[in-house]
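Data block below; observations after.
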Amino acid sequence: MNNTSISPEDRNKKFLNKLKERDIDVQACYQCGRCSAGCPIGEFFDLNVMEVVRLATYGMEEPLLNCHTIWLCAACETCATRCPNDIEIAGLMDVLREIALRKGVTPAEPRVPLFHKAFLGSISHWGRAYEIGMIAGYKINSRDLLGDMKLGLNMFLKGKLKLTPHSIKGKSDIKQIFSGKGKEYDR
Amino acid sequence: MKLSYYPGCSLEGTALDYDQSVRELCVHLGVELADIPDWNCCGASSAHMTDHEVGIRLPLRNLLQVAGSGHDILVPCAACFQRLRAADKEMRDNPGHWDIVGSIPEFEIVHISTFLARPEILEKIRDKVSQPLSGLPVACYYGCLSLRHPHITGAPNWEMPVNLERIIEALGAKPVNWSHRTECCSGSLTMARPDIARKLVGDIAAAAKRAGATAMVTDCPMCQANVESRQLDLGGEDDLPVFFATELIIAAIEGKYPKKQQKVHLVSPDVVTQHFDSTATEDSA
């Protein structure tokens, strides 16, 4: 954060409007720091939670879309529940991840969105999550082939991984959802 | 009593035994469960973290599947619960945006522990216990998603919840006072960043042991899998098994902890098995 120059001219109005639409009132932040203090993953972040909120109030989207924090946030909602001004900080993280993906920003933590992609791919295909298929998809895309091999095998031997996927009947509903239902009139 | 039931994907896979214990318990309690017809995945963290529309529309479809039923919806998985509640709130706050046609369905989405901790249900459980878990010191672990955000979950005591403690006390076990009851275990990151999961789980397990617990009890399938499995990674010697509250209720009611159930744990559940030693031997014979 030390080298970030905060410039009001860089305000990104569209980004601020998006937050407004989602009732995320970042302007209400008075930097008490409770969000950062309670974050269980804060020590792994490059920008701490309060810095994320502060940059958002300035509409400074770029450093936010490029940071590690947005991908390492686990959406535990501790920050949002402790914010004295009721800022939906976890919702802010959601918006930032979504914009980063839509803009094709190279994620600072590539494995995290690859995991989400594999998980959602499984749902869009079957209507339900199919763990083995999802894990295989993630492993291949992330090239993390050896990580957690022992755990996976252990789970498998314990009968904790379902061998065949369950395909729901209403797959056309799921297809509609994944092909942008609700976003038809965005522009 | 009849309830709609949303098992969710974990309860078909890694937490299959959780599903079985919930169904079995409901039989004991005289609660009839009707699975939501053709339910789909709620999208979990991955959907809402990357696409708001998908993150609401996936769980919303499930709600619309039971729109006319009039029954409340019972959800054992904390993540599914939070996502269904989020969709429910959106449906009520902004029906036009979510293409809700006609009247908005009336039901409440209830997380399993909230349901089980109702005074009349607790009373039933207390009456049915045949072999209490007398004095067993357990750390009740809630994690995140059944509690936060209270705007969504409706949890009255999100920083100091009591439901799991009440349930465990009804079984005769002794909930310990400890610090990490509502801390995140980073379940949604566990595959992509196992190093972070190991750190968080290590801290949680250490806190539970510090308070004198010999086991943990949860109501979240992600927490259960993550906290047991990441303890193994850390290579410590006195790992804590993590039980679903429902499996312990069944054990206390039926007076046994069957071999089949012992086998699903990644960490040895001996501490509970020993409580049921005599009957457990008969079971395996």
Point to revise | Percent of beta bridges antiparallel (DSSP, the protein assembly as shown, rounded to nearest 5) | key: 0
Check your understanding: When chain B is treated as a GNM, springs tying every alpha-carbon pair under 10 Å, which of B:GLY13, B:GLY187, B:GLY235 comes out with the largest mean-square fluctuation?
Key -> B:GLY235
Check your understanding: So how far apart, in nm, are the two label points at B:SER130 and A:ALA108 if each is 7 Å from Cα heading toward Cβ?
Key -> 5.7
Practice item. Go ahead and estimate [θ] at 222 nm for chain B from helices alone: -39,500 (n - 2.57) per DSSP H run with n ≥ 4, summed, over the residue count, rounded to 500. Key: -14000 deg cm²/dmol
Review point. Which of rounded, prolate, oblate describes the stretch B:2-113, given a ≥ b ≥ c as roots of the alpha-carbon gyration tensor eigenvalues and a/c under 1.5 marking rounded, otherwise prolate only if a/b is larger than b/c?
Key: oblate
Revision key, fill the gap. With a 20 Å threshold on alpha-carbon distance, the violating pairs from A:LYS103/A:LYS175; A:LYS117/A:LYS171; A:LYS158/B:LYS259; A:LYS160/B:LYS263; B:LYS128/B:LYS209 are A:LYS103/A:LYS175; B:LYS128/B:LYS209
**Study point:** Most mobile listed residue (A:ASP144, A:ASP94, A:ASP86) in chain A, GNM with C-alpha springs under 10 Å
**Key:** A:ASP144
Practice item. Taking the Cβ of B:VAL27 as the centre, find all other residues whose Cβ is under 14 Å away and add up their charges (Lys, Arg: +1; Asp, Glu: -1). Key: 0
Exercise for review: Please work out the C-alpha center-to-center distance from the stretch B:241-256 to the stretch B:1-79 and express it in whole Å.
Suggested key: 21
Exercise for review: Mind putting a number on the dipole of the stretch A:8-103 about its Cα centre? Charges go on the C-beta only, +1 for Lys and Arg and -1 for Asp and Glu, and I need it in Debye to the nearest 20.
Suggested key: 200
Revision key, fill the gap. Scoring only Lys, Arg, Asp and Glu (+1, +1, -1, -1) among other residues with Cβ under 10 Å from the Cβ of A:HIS125 yields +3
Practice item. Could you tell me the distance between the Cα centroids of the stretch A:129-187 and the stretch A:50-111, to the nearest Å? Key: 25
Exercise for review: Lys and Arg at +1, Asp and Glu at -1: add these up for the other residues within a Cβ distance under 10 Å of A:GLY91 and post the number.
Suggested key: -3
Review point. Using a Gaussian network for chain A with springs between C-alpha atoms less than 10 Å apart, which of these wobbles most: A:ALA74, A:ALA118, A:ALA100?
Key: A:ALA74
Review point. Straight-line reach from B:LYS260: which aspartates and glutamates have Cα under 17 Å away, leaving out those fewer than 8 places along the same chain?
Key: B:GLU12, B:ASP17, B:ASP19, B:GLU24, B:GLU247, B:ASP270, B:ASP277, B:GLU282, B:ASP283
Practice item. Starting from the Cα of B:LYS89, draw a straight line to each of the lysines and keep only those under 21 Å, dropping any in the same chain fewer than 8 residues away. Key: A:LYS18, A:LYS20, A:LYS181, A:LYS183
Point to revise | Under 24 Å from B:LYS124, Cα to Cα: lysines that are on another chain or at least 8 residues apart | key: B:LYS2, B:LYS174, B:LYS256
Practice item. When a/c is below 1.5 the answer is rounded, else prolate if a/b is larger than b/c, else oblate, so apply that to chain A with a ≥ b ≥ c taken from the square roots of the Cα gyration tensor eigenvalues. Key: prolate
Review point. Charges only on Cβ, +1 for Lys and Arg, -1 for Asp and Glu: so what's the dipole of chain B about the Cα centre, in debye to the nearest 20?
Key: 340
Review point. Could you give the dipole magnitude of the stretch B:130-284 about its Cα centre, charging the beta-carbon of Lys and Arg +1 and that of Asp and Glu -1, in debye to the nearest 20?
Key: 320
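Every read-out reported here was derived from the displayed coordinates using simple, explicitly stated rules and does not represent laboratory data. Since the structure is predicted, the reported quantities are computational estimates derived from the model, not experimental observations. Neighbour counts are summed over all protein chains in view; Cβ atoms, including those assigned to glycine, are modelled from backbone coordinates with ideal geometry.
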